[in-house]
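The values are calculated or read from the model by the stated rules, or taken from the named source; none is laboratory data. All values reported here derive from a predicted model rather than from experimental measurement. Counting neighbours? That spans all protein chains shown, and the Cβs are built from the backbone with ideal geometry, glycine included. These area figures cover heavy atoms from the full protein model, side chains too; ligands, DNA and RNA do not enter into them. Shrake-Rupley method; radii C 1.70, N 1.55, O 1.52, S 1.80 Å.
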Amino acid sequence: EYELRPGFCVWMRPGRFYDAQQDENDRIGLTFIHFNFQTQALNRAHDYPEFYDVGDINYVDSVSRRIVEIMRQHDAPQELKTSAALLLSGLLLDLATKFRYEDKNPSNPVARHHKELIQQTVGNIFETVESPLSVKELARKAGYSPAHFSSLFKKVTGQTVEAVIVQARIDKARQLLRQSDLSIGQVAEATGYRDIYFFSRQFKFKTGQTPTKYRAAQHEELGKAPKGAGKKITS
């Protein structure tokens, strides 16, 4: 058994059965992609673990979401589908290579320790979007001064702490708008926003659509009315 949490990656093998459940009151978003190995570099699936934690959750989440968005467009031009295939191939190779060589080429133990703490912090940010902590509070939990924490965070993730917090909240909002019947106000509250108008402005700035238009577009694409996410996931 493995804990289902943000950043948890599963490379599912053909013929295997995977059963997962999550708390219906504390659901997390899942991205899944079916693919076949078609290159020699990746055609060694047995060398890689089925389960492991993604180091840079922001990067993997963004790339995988983009791939899914492209492939869901049935009328997308071939060039766009080709770009999605290349993105997926690059993502898989990046994940696999990182795992294969990370232990063989360990970095400085102190630097590795810092990196692991920052990556853990990123996971915590994505898990607590309903009540996001301040930079000062996150730094204290990680055992750093706010200035040193912010500097390390930027080096490890390539983004500021504030930017990752906003992205985590917007990603959660997108999930809730797609998969739940919650009102816009309830979605705002569930993602840590106390002002629905500020939430709407920030959501539009990040996605290009208001929450209402985003939800309508998602449901129109799926061709069905809003429904809550299920409790059980199988593959």
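How about the range 170-196: which of its residues are polar (S, T, N, Q) and over 14 Å from Asn25 (Cβ atoms)?
Matches in the range 170-196: Gln175, Ser183, Thr191.
Restricting the first residue to the range 112-133 and requiring it to be assigned to a loop (DSSP other than H, G, I, E, B), which pairs with a second residue that is of a type in the set (D, E, K, R) and open to solvent by 10 Å² or more (accessible area, probe 1.4 Å) meet a Cβ separation below 7 Å and a spacing of at least six or different chains?
Pairs that qualify, where the first residue is assigned to a loop (DSSP other than H, G, I, E, B) and the partner is of a type in the set (D, E, K, R) and open to solvent by 10 Å² or more (accessible area, probe 1.4 Å), are Val129/Arg169; Val129/Lys172; Pro132/Arg169.
For the range 176-192, give me each residue that is modelled with pLDDT of 90 or more and open to solvent by 10 Å² or more (accessible area, probe 1.4 Å).
The answer is Leu176, Leu182, Ser183, Ile184, Gly185, Gln186, Glu189, Ala190, Gly192.
Is it true that Val156 is aliphatic (A, V, I, L, M), open to solvent by 20 Å² or more (accessible area, probe 1.4 Å), in contact (Cβ under 8 Å) with a residue 12 or more places away in the chain and out of contact with any Pro (no Cβ under 8 Å at 6 or more places or on another chain)?
Answer is yes for this residue.
Say we look at the range 193-213 and pick out the residues that are part of a loop (DSSP other than H, G, I, E, B) and not small (Gly, Ala, Ser); which of these is least open to solvent (accessible area, probe 1.4 Å)?
Tyr193
Inside the range 134-146, can you point out the residues that are assigned to a helix (DSSP H, G or I) and over 18 Å from Lys172 (Cβ atoms)?
Val135, Lys136, Glu137, Ala139, Arg140, Lys141, Ala142, Pro146
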